[in-house]
Amino acid sequence: MKKKLVAMLLAFTLILSMAACGKKSREDVVGSLSNKMEKMSGYQADATLTINNGNDPQKYEVVIWHKKPSYYRVQLKNAKSDQNQIILRNKEGVFVLTPALNKSYRFQSDWPSNSSQPYLPESLVNDLVQDKDATFKSTKKGYVFETKTNYTNKQLLPTQEITFNKKGLTPESVKLLDSDKNVVLDVQFDKVKYNPKFDKDAFDVKKNMTSARLSVPTSTNNDSNLLVTQYPNKLMDGVTLEDQQEVKTESGVQVILSYKGDKSFTLIEEKSRISETGTVMEISGEPVDLGYTVGALSDKMISWSHGGTDFTIVSSNLTQSELIEVAQSVGQTGTK
């Protein structure tokens, strides 16, 4: 009888041990992900980015290339318009290409290591490593984490939900949440391939601009000289539009919108011009992903191009996070 009891206890212990072995902890999964990122030589990924920061969700196609140690190519394209931008990082620096305008901007920047990026797998894994309080659950096909963000505008989007596929440990989705847990930005990875081979000129500025220009429509909204004024729909408390002026310049018309209050700012708009020479222009500040386009962010100013218009916001009262918040809202059914 004692022998049978001992045998039953051993069998039960073995079953519990096997069950425990099959269940991975948060530390196990994060360790495996970190090891995956360390050993890979790079990756290619296709994703769909959806912005829910307005009445009509905006979808963008994102193509991401990375070659270790520090070469990157991120192409952001809106299928419904000619908006198409490429962020490149190579040995010469960080570049933002706008093919529709035949313009390239060069930044002296540490991008993408200076902040998290929702479409870069190693950036997501780094967020998991940094946040020891991140929650974790295992589903049938994936690992789901909820963690703090490390984005430039993390005050607006403090939390993110990241899902990795159990098979291959590739990212499946990233959901950026506001303070009310609403999904503001959603990245769905359609395909991720680790350790791909790249052409020698895959990250060359001229090669990428030439290739991207071939897909630019011959007729764009730049053919019209009409400037349609756009307004932000996100204003800080007590801020109102006090003045609007049109100023004639050598290249056309500038619209200057002056907003007054404790968080005052000036918004300048003018028609984008296609560059004839395609020269690279030096830009001060950091490239910042506004979701629908890439802008240039400095201490007191943010500038960007979208839909055939150049925008600049200047303020001594807005924080960088607030500059981004206002910029993201321009044109989204904004009102005076």
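A short reminder: the numbers here are calculations on the coordinates, not readings from a lab. For clarity, every value in this text was computed on a predicted model and none was experimentally measured. Glycine gets a Cβ as well: all are built from the backbone with ideal geometry, and neighbour counts include every protein chain shown.
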**Message:** So if I restrict to the alpha-carbon atoms in region 68-126, what is the Rg, and what is Dmax, the biggest pairwise distance, in Å?
**Reply:** 12.5, 35
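Equivalent ellipsoid semi-axes for region 225-309, as square roots of 5 times the alpha carbon gyration tensor eigenvalues: give them largest first, rounded to whole Å. Provide the component values of the computation, followed by the final result.
Numbers: eigenvalues 112, 68, 27 Å².
The three semi-axes for region 225-309 are 24, 18, 12 Å.
Dividing the alpha-carbon radius of gyration of the chain by 2.2 N^0.38 Å (N being the number of residues), what value is obtained? Intermediate results must be reported in sequence, preceding the final value.
Working: Rg = 23.8 Å, N = 336, 2.2 N^0.38 = 20.1 Å.
In units of the 2.2 N^0.38 Å rule of thumb, it is 1.18.
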**Prompt:** Working out 0.36 nm times the residue gap between residue 141 and residue 251, then minus their Cα-Cα distance, what length gain in nm do you get to one decimal?
**Reply:** 34.0 nm
**Complete:** Looking only at lysines whose Cα falls under 26 Å of residue 197's and that sit 8 or more positions away or on another chain, we get 36, 39, 67, 68, 77, 91, 166, 167, 206, 207
**Message:** Using DSSP to call loops (not H, G, I, E or B), can you name the GluC sites (Glu not before Pro) in region 159-259 whose Cβ has at most 15 other Cβ atoms within 10 angstrom?
**Reply:** 250
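Which whole number of Å³ per residue matches the convex hull of the alpha-carbon atoms in region 109-184? Write out the running numbers ahead of the final one.
Numbers: hull volume 7.0 nm³, N = 76.
Value for region 109-184: 93 Å³ per residue.
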**Rounded to the nearest 20 debye, dipole of region 102-152 from Cβ charges on Lys, Arg, Asp, Glu** = 240
**Complete:** So, over other residues within a Cβ distance under 9 Å of residue 44, counting Lys, Arg +1 and Asp, Glu -1, the net charge is +1
**Scattering curve values for region 36-193, log₁₀ I(q)/I(0), Debye with Cα scatterers, q = 0.10, 0.12, 0.15 Å⁻¹** = -0.37, -0.54, -0.86
**Message:** With only alpha-carbon pairs counted, each pair once and no self-pairs, how large is the Kirkwood hydrodynamic radius of region 168-311 in angstroms?
**Reply:** 19.2
**Asked** Given a Förster radius of 25 Å and the C-beta distance between residue 24 and residue 298 as r, what FRET efficiency does 1/(1 + (r/R0)^6) yield to the nearest 0.05?
**Response** 0.05
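May I ask what percent, to the nearest 5, of DSSP beta bridges between residues of the chain are antiparallel?
Values: 98 of 102 bridges.
The antiparallel fraction comes to roughly 95 percent.
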**Request:** Please report the Cα spread of region 35-78 along all three principal axes, rounded to whole Å, starting with the longest.
**Result:** 42, 20, 14
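Summing +1 for each Lys or Arg and -1 for each Asp or Glu, what net charge is found among the other residues whose Cβ lies under 15 Å from the Cβ of residue 93?
Numbers: positive: 73, 89, 91, 106, 206; negative: 92, 110, 204, 282, 286.
Neighbourhood net charge equals 0.
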**Asked** With a sphere of radius 13 Å drawn around the Cβ of residue 198, what net charge do the other residues whose Cβ falls strictly inside it have (Lys, Arg +1; Asp, Glu -1)?
**Response** +4
**Prompt:** Against the longest principal axis of the chain, how steep is helix 2-22, in degrees 0 to 90 to the nearest 10, with axes from Cα atoms?
**Reply:** 10
**Prompt:** Measuring from label point to label point, each 7 Å out along Cα→Cβ, what is the residue 197 to residue 275 span in nm?
**Reply:** 3.4
**Message:** Taking the 0 to 90 degree range and rounding to the nearest ten, how far is the long axis of helix 320-329 tilted relative to the main principal axis of the chain, both from C-alpha atoms?
**Reply:** 70
**Fill in**
the chain: relative contact order from alpha carbon pairs under 8 Å, six or more residues apart, as a whole percent, is 17
